[in-house]
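Q: Okay, handing you the structure first.
The values are calculated or read from the model by the stated rules, or taken from the named source; none is laboratory data. As the structure is a prediction and not an experimental result, all values here were calculated from the model. Cβ sites come from the backbone with ideal geometry, for glycine too, and all protein chains shown count toward neighbours.
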Amino acid sequence: MIFGWFRRRRRRKLLAQPFPAGWRAVLDGYRFYSELDADERGRLEGIVRVLVDEKNWEGVEIELTDEIRVTIAGLAALLILEIEHRYFRRVTSILVYPTTFGSVWGGSQHGVLQPEQPTLLGEAWYRGPIRLAWDSSLQGALNADDGRNVVLHEFAHRLDMQDGVVDGTPPLRTPHALAAWARIMSEEYERLQGRRRGKSILDPYGATNEGEFFAVATEAFFEKPRHMKRRHEELYAILAEYYRQDPEARQRRALSASQQEP
């Protein structure tokens, strides 16, 4: 209890300080931030402050900078912007590599037995660190409409892991929500598994297992919301209910505002 009181007190002091101008300049360069309204930006900035301050950030063969920390923290914050959260409490460390890296071991990834993988873009472990390749993380932040974002992907895994199981089902609020989630996610997962030809807005890697499907669907939800809402209406709706966000409407507002500028 006493440690919780000190943490809350520290956070209040931290959030009372002005958001660093240099950090805001970093976020201003990304569409995921510029599309937010003023209130959303303020709340995202608050989450970023806590994530940068409280997590153990380590650079592996790379010197960490504010750009690296704020970019990764900003994308992670986007996921929990509207849902009840504890700042990814079980994510104690974030390890950043300059580019692809080797697996720690060839054992189990996300709790699932995997063959040895010589190169990875990202990796999330239950009760362990999140590992990210910086070049891929930056590319994901800059290219906001290709449906590929390793930071969103790995932090989505950590949302999934909250109940200790990586099964593509994060904690949901009601039995009704759980039933709807199970039906829609299963149908869409099987649909992706059965796809043989033609393009999909969902990365084929999502057909690996249910956990990867949720992470891949999260990437597309935030990066290709107009396409997902049109082609996967129920999937979009269930993710919008979970994240309590409507990226498609957000993009439409941003586009309309840009067209009205002189």
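Q: May I ask you to say which residue of 154, 187 is assigned to a helix (DSSP H, G or I) and under 24 Å from residue 90 (Cβ atoms)?
A: Working: 187 fails: under 24 Å from residue 90 (Cβ atoms).
Of the residues listed, the single one that is assigned to a helix (DSSP H, G or I) and under 24 Å from residue 90 (Cβ atoms) is 154.
Q: How many residues, within region 244-253, are surrounded by 15 or more Cβ atoms within 10 Å (Cβ to Cβ) and either touching a helix residue (DSSP H, G or I) at 6+ places or on another chain (Cβ under 7 Å) or not in a helix (DSSP H, G or I) (or both)?
A: We begin by selecting, within region 244-253, every residue surrounded by 15 or more Cβ atoms within 10 Å (Cβ to Cβ); these are 245-248, 250-251.
Narrowing the set further to residues that are either touching a helix residue (DSSP H, G or I) at 6+ places or on another chain (Cβ under 7 Å) or not in a helix (DSSP H, G or I) (or both) leaves 245-248, 251.
So the count comes out to 5.
Q: Something else about it: Working only within region 127-151, note down all residues that are in contact with a Ser or Thr (Cβ under 7 Å, 6 or more places away or on another chain) and in a loop (DSSP other than H, G, I, E, B).
A: 129
Q: Determine, yes or no, whether residue 5 is assigned to a helix (DSSP H, G or I), aromatic (Phe, Trp, Tyr) and surrounded by 13 or more Cβ atoms within 10 Å (Cβ to Cβ). Lay out the reasoning, then the answer.
A: Values: assigned to a helix (DSSP H, G or I): yes; aromatic (Phe, Trp, Tyr): yes; surrounded by 13 or more Cβ atoms within 10 Å (Cβ to Cβ): no.
Criteria not met by residue 5.
Q: While we're on this one: For region 157-173, indicate whether the set of residues that are free of Cβ contacts under 8 Å to residues at least 12 places away in the same chain, farther than 17 Å from residue 240 by Cα and touching a Ser or Thr at 6+ places or on another chain (Cβ under 9 Å) is non-empty.
A: Yes, the conditions are met somewhere in region 157-173.
Q: Could you give every pair whose Cβ atoms fall below 7 Å, whose first residue belongs to region 39-59 and is part of a loop (DSSP other than H, G, I, E, B), and whose second residue is crowded, with 18+ Cβ neighbours inside 10 Å, counting only separations of at least 6 or pairs across chains?
A: If the second residue must be crowded, with 18+ Cβ neighbours inside 10 Å, the pairs left are 55/91; 55/94.
Q: So, one more: Within region 11-38, how many residues are touching a residue at least 12 places away in the same chain (Cβ under 8 Å), farther than 29 Å from residue 147 by Cα and of a type in the set (Lys, Arg)?
A: Qualifying residue count for the region: 1.
Q: Looking only at residues that are farther than 23 Å from residue 145 by Cα and in contact (Cβ under 8 Å) with a residue 12 or more places away in the chain in region 60-73, which one is surrounded by the fewest Cβ atoms within 10 Å (Cβ to Cβ)? Break it down into steps so the answer makes sense when it comes.
A: We begin by selecting, within region 60-73, every residue farther than 23 Å from residue 145 by Cα; these are 60-66.
Of the ones still in play, those that are also in contact (Cβ under 8 Å) with a residue 12 or more places away in the chain are 60-62, 64, 66.
Numbers: 60: 12, 61: 9, 62: 16, 64: 15, 66: 13.
Here the answer is 61.
Q: From the residues in region 166-199 that are among the small types (Gly, Ala, Ser) and surrounded by fewer than 17 Cβ atoms within 10 Å (Cβ to Cβ), which one is modelled with the lowest pLDDT?
A: Taking region 166-199 and keeping what is among the small types (Gly, Ala, Ser), we get 168, 177, 179-180, 182, 186, 194, 198.
Retained after the next criterion (residues that are surrounded by fewer than 17 Cβ atoms within 10 Å (Cβ to Cβ)): 177, 179-180, 182, 186, 194, 198.
Values: 177: 95, 179: 97, 180: 97, 182: 97, 186: 97, 194: 89, 198: 60.
Among those that are among the small types (Gly, Ala, Ser) and surrounded by fewer than 17 Cβ atoms within 10 Å (Cβ to Cβ), it is 198.
Q: Exactly one of these conditions fails for residue 171: (1) in a helix (DSSP H, G or I); (2) under 20 Å from residue 82 (Cα atoms). Give me its number.
A: (1)
Q: Hey, does region 93-100 have a residue that's hydrophobic (A, V, I, L, M, F, W, C), modelled with pLDDT under 55 and out of contact with any helix residue (DSSP H, G or I) (no Cβ under 8 Å at 6 or more places or on another chain)? Quick ask: steps written out before the conclusion?
A: Going through region 93-100, the residues hydrophobic (A, V, I, L, M, F, W, C) turn out to be 94-96.
Applying the additional criterion that residues be modelled with pLDDT under 55 yields none.
No: zero hits.
Q: Still on this structure, please answer the following. Filter region 8-37 down to residues that are among the small types (Gly, Ala, Ser) and either in contact with a Phe, Trp or Tyr (Cβ under 9 Å, 6 or more places away or on another chain) or not in a helix (DSSP H, G or I) (or both), then give me how many there are.
A: Count: 1.
Q: Filter region 211-242 down to residues that are in contact with a helix residue (DSSP H, G or I) (Cβ under 6 Å, 6 or more places away or on another chain) and among the charged types (D, E, K, R) and give me whichever is nearest to residue 151 (Cα to Cα).
A: It comes out as 219.
Q: Also: Looking at region 207-237, which of its residues are charged (D, E, K, R) and under 17 Å from the mean Cα position of the chain (by Cα)? Give the derivation first.
A: Filtering region 207-237 for residues charged (D, E, K, R) gives 210, 212, 219, 223-224, 226, 229-231, 233-234.
Once the filter is applied, which keeps residues that are charged (D, E, K, R) and under 17 Å from the mean Cα position of the chain (by Cα), region 207-237 yields 210, 212, 219, 223, 224.
Q: Could you check region 201-212 and list, in sequence order, the residues that are hydrophobic (A, V, I, L, M, F, W, C) and buried (at least 24 other Cβ atoms within 10 Å of the Cβ)? Full working, then the answer.
A: Initially, region 201-212 is screened for residues hydrophobic (A, V, I, L, M, F, W, C), giving 201-202, 207.
The answer is 202, and nothing else.
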